[in-house]
Each structure stands twice: as structure tokens, then as C-alpha cells.
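Here the structure comes first, spelled out in C-alpha cells, and everything after it is commentary.
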Amino acid sequence: MKRTVFPNRWLPYLLVLPQVLVTIVFFFWPAGKSLYLSVFKSPPFGGRDVFIGLDNFVALLTDRDYYDSVLNSFVFAAGVTGISVVGGLVVAVLANQKIRGLAVYRTALLWPYGIAPAVAGIIFLFIFHPAYGILPYFLSFVTAYEFNWLLKGWVAMALVILATSWTHLGYNIAFFLAGLQAIPTSVMEAANVDGAGPVRKFTAIIVPLISPVTFYLVVVNMVFAFFNSFGVIHAVTHGGPGNATEIMVFKLWKDGFVGLNLGSSAAQSVILMAVVIGLTMLQFRFAEKKVTY
Amino acid sequence: MSDARTTTTVVTGGAVAAPRMATPRVATVELERQRRRPDWGNLLVHLALAACVAVLAFPLYYAFVISTQAIDEVIQKPPRLLPSTHLVENYLEAWRRSGMARLLVNSAIVAIGVAVGKIAISMLSAFAIVYFRFRGAGLVFWSIFLTLMLPIPVRILPTYEVVGNLGWLNTYAGLTVPLMASATATFLFRQFYLTIPNELAEAAQLDGAGPLRFLWSFLLPLSWANIAALFVVLFIYGWNEYFWPLLITTSEEMRTVVIGLERLIPRSGTELPTWNLIMAGAMMALLPPVAVILFMQRWFVKGLIESEK
């Protein structure tokens with residue numbers, strides 16, 4: 001379709017200028033600089049950069065701590081994605097029954113999305129508090145196991161995963177509800193006529209028809225867990241106990257801004273860049289609606 | 001308002017089975033009521049949903065309960081799950097101790113600044129891409145697209161350096177401008193402009209309206225629904241951003257509330273943690289974005305879903 005265009009030589013450049021300036025100054029230049037720093041050794045307090053090739057990467061890949069942070073990131077991302085995508089689907093299917101008060105339920109399920117993961121983390125920190133928290137208190141009746149996140153790494157990981165999932169569930173519910181409502185009623189009626197029960201309807205109709213949404217949400221939740229979860233770690237566990245909850249983003253910050261190891265931090269940025277590019281490609285590869293120009 | 005509308009649709013949707021042709025509305029409702037038997041399946045669904053809502057609401061309820069208790073009630077066993085009487089004094093103390101007024105003002109400035117800035121520059125660039133033919137349009141479009149692949153962590157050190165060189169550390173400009181590029185908002189406006197009939201731009205041109213007049217008097221009024229939807233989503237994003245404000249603010253004056261809250265938690269073993277005050281602070285930090293979602297729910301859902309396509 002041919003669109004009407006305004007004849008003007010310089011105005012379009014002026015219009016895109018703010019966005020282009022921001023992307024160049026705060027996105028492309030720094031991303032390029034990350035690439036540059038990752039192959040140099042830069043003294044933190046000034047001095048000449050020395051080209052060292054892939055040494056920063058080699059150092060990372062031979063560093064046990066870095067492997068731990070990669071593993072932690074995957075555990076964290078898998079936990080958050082698993083809980084909030086599966087939970088979101090189940091809740092959305094429930095809410096999508098033809099019942100009164102759908103709007104009320106939707107509101108009542110969505111609001112935690114407004115809570116910052118860091119703030120959620122602080123609330124969960126108290127729920128998990130070894131001395132006063134309600135969760136260890138009730139668990140103490142069931143088991144003698146010391147459910148202390150300050151000592152047990154996996155408890156700390158469970159804490160940050162649950163807090164993050166809590167805030168993120170509503171996002172998935174919103175998307176699943178939108179996807180479910182797009183399933184034509186005729187399909188569901190046909191299944192009713194054929195005598196399909198609720199379980200069969202769920203596995204044979206809903207799951208396949210909703211799979212593009214599911215796939216999209218899995219990728220988005222992974223990206224979220226990998227890149228937007230610095231806050232919950234920093235506010236709650238600081239990567240601890242030991243480095244049990246030190247995810248890649250946190251280690252990058254710690255090495256760069258606390259340890260002042262700029263080269264290593266930049267190399268970690270570059271590795272994360274590869275992760276996000278991979279995830280984004282995956283998303284657009286399989287997205288129903290491709291962005292085309 | 002939005003709720004009332006949706007509920008109506010749902011209710012009529014549920015009553016499809018009832019005969020509704022020439023029958024007066026009251027009679028239809030009456031008839032349907034007679035036909036309806038107690039529906040145990042529906043009841044189960046309601047119970048299950050109510051359970052989900054309760055599980056989701058529990059952490060917030062618990063935080064609220066703690067925020068109303070005196071410290072000796074907070075640490076007593078078994079834990080008390082009912083609100084106590086210290087709400088006002090706890091909130092006043094948390095407000096005073098954390099410098100909450102300043103934190104909330106900073107968060108509001110950052111959230112509104114980021115949201116308005118993103119919407120403004122995205123509208124302008126989407127307008128340029130759809131309504132002009134110019135060299136480099138494709139390049140601009142793809143460069144905006146690429147920002148999707150550059151979240152803050154992958155460019156954190158150099159971005160910090162750039163902001164430092166600009167003298168923007170501890171400033172509102174530093175807190176907002178680097179977050180303003182938005183691929184999703186640009187795509188949303190571009191998609192929307194493409195659905196606007198060509199005739200509108202033709203008519204505007206015949207009337208002698210220039211491009212800026214067209215943007216201001218025609219496109220902007222048509223875009224309000226999209227702007228509101230994006231605003232809600234971006235406001236929440238801006239309010240809850242943690243990494244960036246933590247890095248570039250060192251003075252107490254410029255902290256946002258999500259960062260400032262962490263300060264209430266003692267890290268040394270010698271201080272007695274005042275959990276009731278921490279929870280009061282948390283309630284104050286989470287109230288504004290949650291209220292925005294509750295009051296603008298319809299826009300929020302639209303913004304979430306449409307900006308991600």
C-alpha cells in the first residue's frame with residue numbers, strides 16, 4: 001500500500017534526532033565500548049589500555065566462580081520462568097471459565113506486577129526470616145531441618161525465586177487471558193459436543209492453541225530473569241550465602257563496580273550480550289507476528 | 001469504570017443460552033434465574049480462584065500486618081497475623097527515618113520523566129518513519145530495533161562513564177535520559193499510524209496542514225488510548241528500576257524509593273532490625289505503582305499486551 005507522505009527534506013531527520021541521539025550516546029557507543037574494554041586490560045585509576053586479546057574471556061572461562069554464576073543464573077531463570085509461566089497458565093485457564101466477576105478476579109490477580117522485585121524481595125526476606133519469619137516457624141512443626149536462608153544456599157535461592165515469581169505472575173496471567181480469549185468459542189463448543197472433559201479440553205485444545213503465547217512468555221520471562229533481577233539480589237541476599245545466589249548480572253556489577261576489574265566486567269557484559277541476542281532472535285524467529293519494515 | 005464495562009459483557013456472555021429474542025429484558029433475567037440450578041462446577045472455579053487470590057495477596061497482607069505492630073509483637077511467637085494499633089506511629093517513624101518524602105518525589109519524577117520522555121521521542125520517530133520518505137529511514141528503524149538487545153547490564157560500565165562525563169551523576173537527567181530510547185513504544189506507534197486511513201493525511205494536506213499540524217491536531221488526539229496504555233506500563237517500569245538509579249546516585253537526596261528502602265535494613269549484627277518500620281517503608285514504596293495498576297487496569301492490560309507485539 002502506498003502511503004501519503006509529507007514532502008520535506010530535513011524535518012524527518014529532526015523528528016528522529018532525539019531517539020537517535022539517545023540510542024547512539026547511551027546504547028551503541030557504550031555497547032561498543034564494552035566490546036572494546038573486553039579485549040583490553042584497563043587500569044582502574046587511569047593509565048594506558050593494554051590490548052590483551054581474549055585473555056579476559058579465557059580468565060572467565062577458567063574461573064570456577066564464573067561458572068557458578070552462570071549456573072545460578074540458569075537455576076534462577078528456570079525457577080522464575082517455570083513457576084510464573086505454569087502458574088500463570090493454570091490461573092488464567094481457571095479465570096477464563098464463563099463465570100461472573102472475571103474483571104474482578106483479573107484485577108485481584110494482576111496487581112503484584114506493580115511491586116518492584118526488590119521490594120517483594122524485602123517482604124519475602126521477612127517471611128523467610130530464620131528467627132521471626134512465618135515460613136520457618138510453620139516448617140519447624142513439620143521438620144527439624146534448619147530452614148535458614150542465611151546459611152543454606154538453596155533456601156536463599158528459593159527466596160529470591162519466589163519473590164520474583166510473585167511479582168511476575170500477573171504479567172503472564174494477562175497474556176494468557178488475552179490468548180485464551182482469542183480462542184474461538186466455536187472450537188470449544190465443538191469439543192463440548194464431542195463430549196471432551198475439562199482435562200482433555202486443556203491438553204488437546206488449549207495447550208496447543210496457546211503455545212505461541214507460551215513460547216513468547218518463556219523467552220520474555222527468561223530475559224527478565226537474566227537481565228532485570230539485579231534488584232532482588234542486591235536488596236536481599238547480596239549474592240550470598242557464599243555465592244549461592246550470585247547471578248551473572250550481580251557478579252558483573254560486583255567485579256566492575258566493587259572490584260574495579262573493568263576488563264573482566266566488560267567481558268561478562270559481552271557474554272550477556274550474546275545471551276540476550278540469542279534469546280531475542282529466538283523470540284522473533286518463532287513470533288507469530290514478525291517485525292518487518 | 002472499565003470494570004463495570006467488562007463485567008457487563010461477561011454477564012451477557014453467560015446468559016447467551018437464555019431466550020432473548022423479543023422478550024423484555026426483565027423477563028429474560030427472571031426466566032434465566034428459574035432455569036439456573038446450583039452449578040457446582042462454577043462454585044469450584046470460584047473457590048479455586050479465590051484461593052489463588054488469597055495466596056497472591058498473603059505476602060502483602062503479612063507485610064501490612066507487620067507494619068502495624070510494635071517491635072515486640074513482631075518478634076513474638078507464635079507470629080501474630082492480625083493488625084495491631086501502631087500503624088500511624090510506625091508509618092510516621094519510617095517516613096521520617098528514610099526521608100520518604102524526598103524518595104517518593106524522586107521516584108515520581110523519574111517514573112513520569114521516563115514514561116513521558118519515551119512516549120514523546122517514540123511518537124516523533126514513528127511519525128517520521130511512517131509519514132516521510134527519507135534516506136536512512138531503514139537504518140533508523142533497525143537501530144531502534146537493536147536497542148532491544150542491549151539491556152542495561154550489557155553496557156553498564158561505559159554508560160556510567162558517559163553519564164559521568166556529561167556531569168549527570170546525581171541528576172534527574174542522568175536518572176531518566178539514558179532509559180528513554182524505546183523500541184517497543186516506537187513499534188507500537190508505528191503499528192498504530194499504519195492503521196490510520198491514508199485519507200486522513202490526504203485531507204489534512206488538502207486543507208493545507210503541514211506535517212507538524214497534522215501530528216498535533218490529528219494524530220495526537222487519535223493516539224490517547226495508546227499513550228495512556230504505554231504510560232501506565234512505562235511508569236511502573238520507571239518506578240521499579242533498580243540497577244541504574246543505584247549506580248548513578250550517590251547522594252541521599254537523589255535516591256529513589258526502591259533504592260532508599262534497602263537502607264532501612266541493617267547489615268551489621270549490632271543493630272536491632274526494626275522490621276515493622278521496614279515493612280511500613282515497603283508499603284509506601286509499593287503503593288503508588290500498585291494503585292496505578294488498580295485504577296488504570298484497562299490501560300495497563302492494553303499497554304502490556306500491545307507494546308510487546
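The values are calculated or read from the model by the stated rules, or taken from the named source; none is laboratory data. All figures in this text were calculated on a predicted structure; none of them were measured in a lab. Note that each Cβ is placed from the backbone with ideal geometry, even for glycine, and that neighbours are counted across all protein chains shown.
Quick notes on this one:
- Condition check for B:Leu146: surrounded by fewer than 21 Cβ atoms within 10 Å (Cβ to Cβ) and more than 28 Å from A:Ala225 (Cα to Cα): no
- Some residue of region A:117-134 being at the interface with chain B (Cβ under 9 Å from one of its Cβ atoms), buried (at least 24 other Cβ atoms within 10 Å of the Cβ), within 20 Å of the chain's Cα centre (by Cα) and in a loop (DSSP other than H, G, I, E, B): no
- Check on B:Thr176, touching a Ser or Thr at 6+ places or on another chain (Cβ under 8 Å), outside any loop (DSSP other than H, G, I, E, B) and either surrounded by 16 or more Cβ atoms within 10 Å (Cβ to Cβ) or within 10 Å of another protein chain (Cβ to nearest Cβ) (or both): no
- Top-ranked residue in region B:38-97 [being among the small types (Gly, Ala, Ser) and in contact (Cβ under 8 Å) with a residue 40 or more places away in the chain; ranked as nearest to the other protein chains (Cβ to nearest Cβ)]: B:Ala63
- Restricted to region A:170-185, and to residues there that are aliphatic (A, V, I, L, M) and part of a helix (DSSP H, G or I), the residue that is nearest to A:Val91 (Cα to Cα) is A:Ile173.
- The listed residue being surrounded by fewer than 16 Cβ atoms within 10 Å (Cβ to Cβ), at pLDDT 90 or above, over 26 Å from B:Ala173 (Cα atoms) and not aromatic (Phe, Trp, Tyr), out of B:Leu272, B:Leu206, B:Leu222: B:Leu222
- Within region A:122-138, tally of residues that are touching a residue at least 60 places away in the same chain (Cβ under 8 Å) and within 15 Å of B:Pro266 (Cα to Cα): 2
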